[in-house]
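Novice: One structure, as structure tokens, below. Some questions next.
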Amino acid sequence: MAIISARVTAAHEGPVVVFVIGMRINRLWRIDKWLPVARAMGPMIAELGRDPDSGFLGTEYALAGLRTVLLIQYWRDFDALEGYARARDWRHWPAWTAFNRAVGTDGTVGIFHETYAVPAGGHETVYVNMPEFGLGKVAGTVPATGSRAEARGRMRGE
């Protein structure tokens, strides 16, 4: 990934939904339980990426410690996110039911998500010496100059 040495901010304006989803491997030796969970996410992201009308804007992968993998996802709105989660003809629903059958509450694999509906004027970003990342990767970037040089100006979308 190319490093952008300029000081930039995400070009996104308006509301956005930030969805943090992940899994924690609680019992490392139970690869039969956690590997299917880990493998399920890639095809879902690919499926969403092929459909610009899904409302899915993009994602970042991250590690939180040695046992937790998470994705930070960006969505157009909550309705799009919920629509995907509940759609029986997309990959999420079968993966969710498979998890409940295979793992349920047996403690081998933890899963979680957090959803944040961020209104217009409720977010700001800045990146310096970074490759494309986060909301800037999803929406593109613009120079953080003029009114966008300060956090308050970026927060206002000036």
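The values are calculated or read from the model by the stated rules, or taken from the named source; none is laboratory data. Here the structure is a predicted model, which is why all the values come from computation and not from measurement. Here the Cβ positions follow ideal geometry from the backbone for every residue, glycine too, while neighbour counts run over all protein chains shown.
Novice: Tell me which residues, restricted to the stretch 68-112, are of a type in the set (Val, Ile, Thr) and either within 17 Å of residue 46 (Cβ to Cβ) or crowded, with 17+ Cβ neighbours inside 10 Å (or both).
Specialist: Matches in the stretch 68-112: 69, 72, 103, 108, 109.
Novice: Conditions: (1) touching a residue at least 12 places away in the same chain (Cβ under 8 Å); (2) surrounded by fewer than 18 Cβ atoms within 10 Å (Cβ to Cβ); (3) under 24 Å from residue 118 (Cβ atoms); (4) under 17 Å from the mean Cα position of the chain (by Cα). Residue 14 meets all but one. Number of the miss?
Specialist: Exception for residue 14: condition (4).
Novice: Okay, moving on. Among the candidates 42, 55, which residue alone is small (Gly, Ala, Ser), farther than 17 Å from residue 102 by Cβ, surrounded by 19 or more Cβ atoms within 10 Å (Cβ to Cβ) and without any contact (Cβ under 8 Å) to a residue 40 or more places away in the chain?
Specialist: Within the list 42, 55, the selection yields 55.
Novice: Can you name every residue in the stretch 113-149 that is charged (D, E, K, R) and either surrounded by 12 or more Cβ atoms within 10 Å (Cβ to Cβ) or in contact with a Cys (Cβ under 8 Å, 6 or more places away or on another chain) (or both)?
Specialist: 124, 132, 137, 148
Novice: Looking only at the stretch 120-158, which residues are in a loop (DSSP other than H, G, I, E, B) and either among the acidic types (Asp, Glu) or in contact with a Leu (Cβ under 9 Å, 6 or more places away or on another chain) (or both)? Show your work before the answer.
Specialist: Let us first name the residues in the stretch 120-158 that are in a loop (DSSP other than H, G, I, E, B), namely 120-126, 131-133, 140, 144-145, 150, 157-158.
Passing the criteria: 123, 124, 125, 132, 150, 158.
Novice: Contact list please: Cβ distance under 6 Å, first residue in the stretch 105-132 and over 19 Å from residue 92 (Cα atoms), second residue charged (D, E, K, R) and assigned to a strand (DSSP E or B), pairs at least six apart or on different chains.
Specialist: Once the first residue is over 19 Å from residue 92 (Cα atoms) and sits in the stretch 105-132, its partners that are charged (D, E, K, R) and assigned to a strand (DSSP E or B) give 128/7.
Novice: Can you tell me which residues in the stretch 1-18 are more than 14 Å from residue 132 (Cβ to Cβ) and in contact with a helix residue (DSSP H, G or I) (Cβ under 6 Å, 6 or more places away or on another chain)?
Specialist: Of everything in the stretch 1-18, just one residue is more than 14 Å from residue 132 (Cβ to Cβ) and in contact with a helix residue (DSSP H, G or I) (Cβ under 6 Å, 6 or more places away or on another chain), namely 17.
Novice: Scan the stretch 17-28 for residues that are within 18 Å of the chain's Cα centre (by Cα), within 10 Å of residue 110 (Cα to Cα) and either aliphatic (A, V, I, L, M) or part of a loop (DSSP other than H, G, I, E, B) (or both) and jot them down.
Specialist: 23
Novice: Any residue in the stretch 120-128 that is of a type outside the set (S, T, N, Q) and under 20 Å from residue 22 (Cβ atoms)?
Specialist: no
Novice: Further question: Any idea which residue in the stretch 72-119 is farthest from the chain's Cα centre (by Cα), counting only those that are among the aliphatic types (A, V, I, L, M) and in a helix (DSSP H, G or I)?
Specialist: For the stretch 72-119, the residue satisfying everything is 102.
Novice: Next question, about the same structure. Here is a check on your reading of the model: is residue 112 at pLDDT 95 or above, farther than 30 Å from residue 8 by Cβ and of a type in the set (A, V, I, L, M, F, W, C)?
Specialist: Spelling it out, residue 112 is indeed at pLDDT 95 or above, farther than 30 Å from residue 8 by Cβ and of a type in the set (A, V, I, L, M, F, W, C).
Novice: Applying the selection to the stretch 58-67, what residues are over 19 Å from residue 133 (Cβ atoms) and surrounded by 12 or more Cβ atoms within 10 Å (Cβ to Cβ)?
Specialist: Correct list: 67 only.
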